[in-house]
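**Student:** Quick one: this structure, given as structure tokens, is what I'll be asking you about.
The values are calculated or read from the model by the stated rules, or taken from the named source; none is laboratory data. The shown structure was predicted, so the numbers you read here are calculated from the model rather than taken from an experiment. Cβ atoms come from the backbone with ideal geometry, glycine included; neighbour counts cover every protein chain shown. Ligands, DNA and RNA are excluded from the accessible area calculation, which covers all protein heavy atoms including side chains. Shrake-Rupley method; radii C 1.70, N 1.55, O 1.52, S 1.80 Å.
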Amino acid sequence: MSGLDYLNKLLDGAAVKWQPLADVTMSTSNVRWRDTERTYRYIDLTSVSIETKSITQTTEIDAKNAPSRAQKLVEQDDVIFATTRPSQQRYCLIDDEYSGEIASTGYCVLRAKKEKVLPKWILHCISSTEFKSYVEERQSGAAYPAISDALVKAFSIPIPCPESPEKSLAIQADIVRILDTFTAVTAELTAELTARKKQFNYYRDQLLNFDEDDVEWKTLGQVFNIFAGGDVPKTALSDIETEEFNIPILSNGTGNRSLYGWTDKAKIEKPSLTISARGTIGWTSYRDTPFYPIVRLLVLTPKIKIDLKYAYYFMKTIESEYRIPEAGIPQLTIPMIQNIGIPIPYASNPQKSLEEQGRIAAILDKFDALTNSLTEGLPKEIELRQKQYEYYRDLLLNFTNEGKTA
């Protein structure tokens, strides 16, 4: 039975009513700091993982050290959705572990009226393609786009068989069960990938941990020519690669998110490293094809003989250790990194040094292929399972007002 046939049989001709989230959710309350002495776990905008849709870390706060945005009390089964940069789709369901804790005002809290709608029904609805398009069209602000709680709650979701709450909840539960099956598989694969990444990081750190007698520390300024990306080239396309415009323009960001556009002439033609200097600060990438760097990106090209992949793997170990000034806009500059040390094994014997660097890089390349490759292993499987979930989610939530699938 196809997804469409299954859904039509499930509805059995029942009507579907589209209702704003405001009509199927309850109001929530804020903490009264002057009336409480307890500590809370604070769910800020970085606490929720975009990938796993779960809370990964929190901080302990009380009335004395609570940031001004720490206001919203959350309960079990609340759905929280980040209204700052909403197109990132940072949301999750609050479980019993975080019930009674505090969330940032940067979240819209959706507390289901459980006699009408299941909390997970809301969760899957706000993960839909329609909701993502809705918030992208209504967000405002260039540097930090945001959407108001009121606009989030104005989004309408389908309520099957609204005249019979018991039947409606049963239909919702059947569809949620199917969609949860897909998300559970993705969660298991993601957990396995996380474990493998931890294993990779452990062995990487072990391989890059040298005895003092076998290593000489040089500064990045001694090893690399370092410069910052400049302006966008005059001949550039914003989004489409063509036969003529096939040189990537790179700025800050992780992975493909650093791609700004395309141009017809490279500025860097030899293998090099890049470091994000604004936004996603410290993210290091290995570049072995020509590219054109622009603002918010630092470029490192070797000025001594060094295995660049070896240097790349070392730089990945210090991504979270850069000291960023608290005042002003957080950013990395050349003076901030040029005196950072990098270990050179057997520096007095250049040939042996390069062989050891190459050996370490080759081992880490194999681990990296198992954990991070987009064409093999778990990341590809996770991508496929996520696409499968998105397909069935959009299919099973695609109603018309007559109770048939669109």
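**Student:** If you take the beta carbon distance between Lys114 and Ser49 as r and set R0 to 41 Å, what does 1/(1 + (r/R0)^6) give as a FRET efficiency, to the nearest 0.05?
**Tutor:** 0.95
**Student:** Moving on to the next point. Could you tell me the relative contact order of segment 89-192? Use alpha-carbon pairs under 8 Å, at least six residues apart, and round to a whole percent. Write down the numbers at each step before the final one.
**Tutor:** On the way: 52 pairs, mean separation 29.0, N = 104.
Taking the mean separation of contacting Cα pairs over the length of segment 89-192, I get 28 percent.
**Student:** Another question about this same structure. Provide the FRET efficiency to the nearest 0.05 for the Ala142-Glu188 pair, computing r from the beta carbons and using R0 = 30 Å.
**Tutor:** E between Ala142 and Glu188, to the nearest 0.05, is 0.20.
**Student:** Give me the net charge of Trp262's neighbourhood, meaning all other residues with Cβ under 12 Å from the Cβ of Trp262; Lys, Arg count +1, Asp, Glu -1.
**Tutor:** In short, -4.
**Student:** Compute the signed sum of charges (Lys and Arg +1, Asp and Glu -1) over the other residues within less than 12 Å, Cβ to Cβ, of Ser353.
**Tutor:** Working: positive: Lys218, Lys305, Lys352, Arg359; negative: Asp214, Glu216, Asp307, Glu355, Glu356.
In short, -1.
**Student:** Could you work out the pair-distance distribution P(r) of segment 34-150 from its alpha-carbon pairs, with 5 angstrom bin width and percents rounded to whole numbers?
**Tutor:** Bin by bin from 0 Å, the calculated values are 2, 12, 22, 23, 19, 13, 7, 2, 0.
**Student:** Let me ask you something else. What does the charge count near Ile147 come to, summing +1 for each Lys or Arg and -1 for each Asp or Glu among other residues with Cβ under 13 Å from its Cβ?
**Tutor:** +2
**Student:** Here's something else I'd like to know. Taking only the alpha carbons of segment 106-166, what extent do you get along each of the three principal axes, in Å, biggest first?
**Tutor:** For segment 106-166, the Cα extents along the three principal axes come out at 45, 20, 16 Å.
**Student:** For labels at Glu97 and Gln199 in the simple 7 Å Cα→Cβ model, what's the distance in nm?
**Tutor:** So the two model labels end up 2.2 nm from each other.
**Student:** According to the Kirkwood expression over distinct Cα-Cα pairs, how big is the hydrodynamic radius of the chain, in Å? Walk me through the numbers on the way to the answer.
**Tutor:** Details: mean 1/r = 0.0407 Å⁻¹.
After inverting the mean inverse Cα-Cα distance, the result is 24.5 Å.
**Student:** Which aspartates and glutamates, on any chain, are close to Lys352 with Cα under 18 Å apart, when same-chain ones fewer than 8 places away are left out?
**Tutor:** Asp211, Glu212, Asp213, Asp214, Glu216, Asp307
**Student:** Now, a different point. Starting from 0.36 nm per residue, how many nanometres of slack lie between Val232 and Tyr392 once their C-alpha separation is accounted for?
**Tutor:** Taking 0.36 nm per residue and subtracting the Cα distance, the gain is 53.5 nm.
**Student:** If you don't mind, another one. Straight-line reach from Lys265: which lysines fall under 24 Å, measuring Cα to Cα and dropping same-chain residues less than 8 apart?
**Tutor:** Reachable lysines: Lys234, Lys303.
**Student:** Pick from Glu243, Glu37, Glu101: which is most flexible by mean-square fluctuation in a GNM of the chain where alpha carbon atoms under 10 Å apart are linked?
**Tutor:** Of Glu243, Glu37, Glu101, the Gaussian network model singles out Glu243 as fluctuating most.
**Student:** Pop a pseudo-label 7 angstrom from the Cα along the beta-carbon direction at both Met336 and Leu259 and give the gap in nm to one decimal.
**Tutor:** Between Met336 and Leu259, the simple spin-label model gives 2.8 nm.
**Student:** Please give the peptides 269-281, 348-360, 206-218, 120-132 ranked by average Cβ packing (other Cβ atoms within 10 Å per residue), highest first, as a rough proxy for protection. Please list the in-between numbers first.
**Tutor:** Details: 269-281: 18.2, 348-360: 15.0, 206-218: 12.7, 120-132: 19.9.
By packing density, highest mean first, the sequence is 120-132, 269-281, 348-360, 206-218.
**Student:** Using Cα-Cα distances under 8 Å and only pairs 6 or more residues apart, what relative contact order does the chain have, in percent?
**Tutor:** Computed value for the chain: 17 percent relative contact order.
**Student:** Ignoring everything except DSSP H segments at least 4 long, calculate the 222 nm mean residue ellipticity for the chain; use -39,500 (n - 2.57) per segment, divide by total residues, nearest 500.
**Tutor:** -11000 deg cm²/dmol
**Student:** On a straight-distance basis, which lysines could pair with Lys366 in a cross-link, Cα separation under 17 angstrom, same-chain partners fewer than 8 positions away excluded?
**Tutor:** The reachable lysines, counting only those whose Cα sits under 17 Å from Lys366, are Lys197, Lys198, Lys309, Lys316, Lys380.
**Student:** Please report, as a whole percent, how much of the solvent-accessible surface of the chain comes from carbon and sulfur atoms (probe radius 1.4 Å). Before the final figure, lay out the partial values.
**Tutor:** Details: 10550 of 21460 Å².
Exposed carbon and sulfur together represent 49 percent of the surface.
**Student:** Let me ask another. Give me the distance between the Cα centres of segment 78-133 and segment 217-274, rounded to whole Å.
**Tutor:** Rounded to whole Å, the Cα centres lie 37 Å apart.
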